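Report on one structure; see the data block that follows.
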Amino acid sequence: MLAIVNGESASHPTLIGSVQRALRLLEAVGAHVDGAPAKQLAREAGLPLPTAYHLLRTLTHEGYLQRENGVFVLGAAAEVIGRAGARRRQRAHLSEALAVAGQELGVAVYFAVYREGEVEVVAVTDDPARPPVVEWVDFRATAHAHAIGQCLLAQLDEATRREHLARHPVQSITPFSVRTEDELLHRLDTVRRGHVAYERQEYALGTVCAAIPVQVGAAAATLAVSLPVDELRRLRSVTDRLRKMAEATLTTLAFSISI
């Protein structure tokens with residue numbers, strides 16, 4: 001006996017034929033860089049011409065298609081979906097690259113950007129043997145306390161940095177955190193000169209981190225690593241190796257998902 005879920009057979013879910021036909025048309029249009037006329041699209045999608053015309057008009061009205069010089073091309077709405085899919089694939093490639101780097105270095109590895117006024121961790125390794133830092137306090141509100149945030153703040157212009165700190169004031173979240181904005185600004189000067197941010201238990205007790213700036217166009221971005229505090233001696237050498245990896249491959253992947 002088949003199970004019925006929300007009125008549908010578990011093995012034979014209800015499918016909407018008109019949606020399927022519209023998707024076949026979108027696929028047909030997407031196969032032609034310079035577009036194609038309605039008759040050709042109907043033939044390739046296996047649809048009667050009147051049905052194809054109806055769906056093409058609807059898809060054009062909704063912005064998924066655009067008619068140019070008698071042919072149909074993908075519209076802005078379809079391109080938005082396409083870009084979202086491309087970004088997901090690019091993030092997956094970056095995550096895979098970070099995983100390889102993490103295994104080689106024996107650390108957790110992170111990629112983050114400063115976007116629309118906030119710290120955004122885009123990708124992070126997920127290795128049970130080297131787990132990433134648990135976000136026990138919002139990363140966005142504590143940029144002053146972790147290496148990722150310090151590296152990003154150091155790349156901002158003064159006005160943008162002060163605006164960020166006005167929204168997210170400096171506050172100690174561990175006994176090792178910077179305590180004042182002046183102390184943080186002095187730290188950021190050091191980060192800019194050395195092109196690396198080192199942080200020791202300032203965000204999470206028992207953890208040390210380092211972050212390096214990476215070039216991804218105009219965006220502030222960083223690659224970072226974290227280690228247990230008892231492996232502090234490895235932090236500088238691991239960071240140097242991460243920088244070499246970034247120069248070789250990681251920055252290209254990071255750039256592709258940050259523009």
Quick one: accessible area per residue over segment 86-254, 1.4 Å probe, rounded to a whole number of Å²? 49 Å²
Assign unit charges at the C-beta atoms only (+1 for Lys and Arg, -1 for Asp and Glu), then state the dipole size of the chain relative to its Cα centre in Debye, rounded to the nearest 20. 500 debye
Please label the shape of segment 17-74 as rounded, prolate or oblate, based on the square roots a ≥ b ≥ c of the eigenvalues of the alpha-carbon gyration tensor (a/c under 1.5 means rounded; beyond that, a/b larger than b/c means prolate, else oblate). rounded
Kindly report the accessible area of segment 17-74 per residue (heavy atoms of protein chains, probe 1.4 Å, no ligands, DNA or RNA), in Å². 61 Å²
Can you send over the carbon and sulfur percentage of the accessible area for the chain, probe radius 1.4 Å, protein chains only? 55 percent
Leaving ligands, DNA and RNA out of it, rank Asp34, Asp138, Asp230 by accessible area with a 1.4 Å probe, largest first. Asp34, Asp230, Asp138
What share of all Cα pairs of the chain, in percent, falls into each consecutive 5 Å distance bin? 1, 6, 11, 13, 12, 9, 8, 7, 8, 8, 8, 6, 3, 1, 0
Contour minus end-to-end for Glu104 and Lys244, with contour as 0.36 nm per residue of separation and end-to-end as the Cα-Cα distance? 49.1 nm
Taking R0 as 51 Å, what's the FRET efficiency between Thr51 and Leu156 from their Cβ-Cβ distance, rounded to 0.05? 0.40
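The values are calculated or read from the model by the stated rules, or taken from the named source; none is laboratory data. For clarity, every value in this text was computed on a predicted model and none was experimentally measured. Note: ideal-geometry Cβ built from the backbone for every residue, glycine included; neighbour counts use all protein chains shown. These area figures cover heavy atoms from the full protein model, side chains too; ligands, DNA and RNA do not enter into them. Shrake-Rupley method; radii C 1.70, N 1.55, O 1.52, S 1.80 Å.
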